[in-house]
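Peer 1: Below is one structure. I have some questions about it.
The values are calculated or read from the model by the stated rules, or taken from the named source; none is laboratory data. These numbers come from a predicted model, not from an experiment. We place every Cβ from the backbone using ideal geometry, glycine too, and count neighbours over all the protein chains shown. Each accessible area value is taken on the protein alone, full model and side chains, heavy atoms only, with ligands, DNA and RNA left out. Shrake-Rupley method; radii C 1.70, N 1.55, O 1.52, S 1.80 Å.
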Amino acid sequence: LVVDVGCGEGEWCVEAASRRPDLNFLGIDVRATVFAVRASEAPANCAFLAANTAAGDLATLLAAWRDVGGTTLHVLCQFPDPHWKNKNRNRRMLTPAFFATAQAHVSGCVVVRSDVAAVVQDAAALIGDALVAADAPADLLAIPTERQGYALQKGGAVHTAAFRPSAEASRRGRVCAALRRPRSVLPGPAALSGGGPVS
């Protein structure tokens, strides 16, 4: 599974799913009306959910996927609204809790992209000890987002930071996942993905 947090209209998820049929893609945004059109034309390995990551929904979703045997490869947050004002702090997606959740579930990378350099710099200050710098998945980032196209057309730049769980965090995560695994037989990840690939 590759998760695009704050997917907006979902054009990136649909395109990525079309290019990578070997992976499942999940687009998450607060309002379902935003991605409704794209969801109706998405391939079988692409789904969308209305969820509030700032309220902890991401942790619930990734835990549910893990508990049925699924693997979360990457979590991407592409061009999030900075929400600079203090009164909007509770709307920010990039928080220590976000990175802690992603670290606990990803086997690949947590990727942050923005046309605002400070957003990426702030993210690097929030990752904590369990994440370390990593190479971004170039194949997926070669697929442009609408915001990326707009920023580059205006002469701006796109800033990217990628992180992966540290070796110690990965070891702890595997141990914890084994302890949490229920003894009963659960439906496989295909049940969530409509029969698509597992990862």
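Peer 1: Give Gly188, Gly155 a once-over and let me know the one that is over 19 Å from Gly27 (Cβ atoms) and at pLDDT below 80. So that I can check it myself, show each step before the final result.
Peer 2: Numbers: Gly155 fails: at pLDDT below 80.
Matching residue, one of Gly188, Gly155: Gly188.
Peer 1: Are there any pairs, at least 6 apart or on different chains, whose C-beta atoms fall under 8 Å, with the first in the stretch 129-142 and within 18 Å of Asp4 (Cβ to Cβ) and the second surrounded by 10 or more Cβ atoms within 10 Å (Cβ to Cβ) and of a type in the set (S, T, N, Q), and if so, which?
Peer 2: Short answer, once both residue conditions are applied: Ala136/Thr160; Leu141/Thr160.
Peer 1: Report, by residue number, each residue of the stretch 124-151 that is within 21 Å of Ala16 (Cβ to Cβ) and either open to solvent by less than 30 Å² (accessible area, probe 1.4 Å) or not in a helix (DSSP H, G or I) (or both). Give the steps one after another, and end with the answer.
Peer 2: As a first pass, look at the stretch 124-151 and keep what is within 21 Å of Ala16 (Cβ to Cβ): 134-151.
Once the filter is applied, which keeps residues that are within 21 Å of Ala16 (Cβ to Cβ) and either open to solvent by less than 30 Å² (accessible area, probe 1.4 Å) or not in a helix (DSSP H, G or I) (or both), the stretch 124-151 yields Ala134, Asp135, Ala136, Pro137, Leu140, Leu141, Ala142, Ile143, Pro144, Thr145, Gln148, Ala151.
Peer 1: Could you tell me whether Ala47 is at pLDDT below 90, closer than 26 Å to Phe99 by Cβ and of a type in the set (Gly, Ala, Ser)?
Peer 2: Details: at pLDDT below 90: no; closer than 26 Å to Phe99 by Cβ: yes; of a type in the set (Gly, Ala, Ser): yes.
No; evaluated as a whole, the condition is false for this residue.
Peer 1: Another question about this same structure. Please verify whether the stretch 65-85 includes one or more residues that are assigned to a helix (DSSP H, G or I), under 28 Å from Ala157 (Cβ atoms), over 13 Å from the mean Cα position of the chain (by Cα) and modelled with pLDDT under 95. Explain how you work it out, then say what you get.
Peer 2: So the first thing to find is which residues in the stretch 65-85 are assigned to a helix (DSSP H, G or I), and the list is 65-67.
Going one step further and asking which of them are under 28 Å from Ala157 (Cβ atoms), we end up with none.
For the stretch 65-85, residues assigned to a helix (DSSP H, G or I), under 28 Å from Ala157 (Cβ atoms), over 13 Å from the mean Cα position of the chain (by Cα) and modelled with pLDDT under 95: absent.
Peer 1: Taking interchain pairs and intrachain pairs at least six residues apart, which have beta carbon atoms under 8 angstrom, with the first residue in the stretch 106-124 and over 19 Å from Arg164 (Cβ atoms) and in contact (Cβ under 8 Å) with a residue 12 or more places away in the chain and the second among the charged types (D, E, K, R) and outside any loop (DSSP other than H, G, I, E, B)?
Peer 2: Listed by first residue and then by second, the contacts come to Asp115/Arg147.
Peer 1: Would you please name the residue that is farthest from the chain's Cα centre (by Cα), looking only at residues in the stretch 158-172 that are at pLDDT below 85 and among the aliphatic types (A, V, I, L, M)?
Peer 2: The qualifying residue farthest from the chain's Cα centre (by Cα) is Ala167.
Peer 1: Could we say that Thr101 is hydroxyl-bearing (Ser, Thr, Tyr), open to solvent by less than 40 Å² (accessible area, probe 1.4 Å) and part of a helix (DSSP H, G or I) here? Show your work before the answer.
Peer 2: Details: hydroxyl-bearing (Ser, Thr, Tyr): yes; open to solvent by less than 40 Å² (accessible area, probe 1.4 Å): yes; part of a helix (DSSP H, G or I): yes.
For Thr101, the condition - hydroxyl-bearing (Ser, Thr, Tyr), open to solvent by less than 40 Å² (accessible area, probe 1.4 Å) and part of a helix (DSSP H, G or I) - is met.
Peer 1: Same structure again: Those residues that are over 13 Å from Pro165 (Cα atoms) and modelled with pLDDT under 90, I need them from the stretch 125-139; list them, please.
Peer 2: Result: Ala125, Leu126.
Peer 1: Could you check how many residues of the stretch 1-37 are under 17 Å from Ala55 (Cβ atoms), part of a loop (DSSP other than H, G, I, E, B) and among the hydrophobic types (A, V, I, L, M, F, W, C)?
Peer 2: Within the stretch 1-37, residues that are under 17 Å from Ala55 (Cβ atoms), part of a loop (DSSP other than H, G, I, E, B) and among the hydrophobic types (A, V, I, L, M, F, W, C) number 2.
Peer 1: Looking at Asn52, Asn45, which one is polar (S, T, N, Q), without any contact (Cβ under 8 Å) to a residue 24 or more places away in the chain and either buried (at least 18 other Cβ atoms within 10 Å of the Cβ) or within 26 Å of Ala161 (Cβ to Cβ) (or both)? Let's see the steps before the verdict.
Peer 2: Details: Asn45 fails: without any contact (Cβ under 8 Å) to a residue 24 or more places away in the chain.
Result: Asn52 is the single residue among Asn52, Asn45 that is polar (S, T, N, Q), without any contact (Cβ under 8 Å) to a residue 24 or more places away in the chain and either buried (at least 18 other Cβ atoms within 10 Å of the Cβ) or within 26 Å of Ala161 (Cβ to Cβ) (or both).
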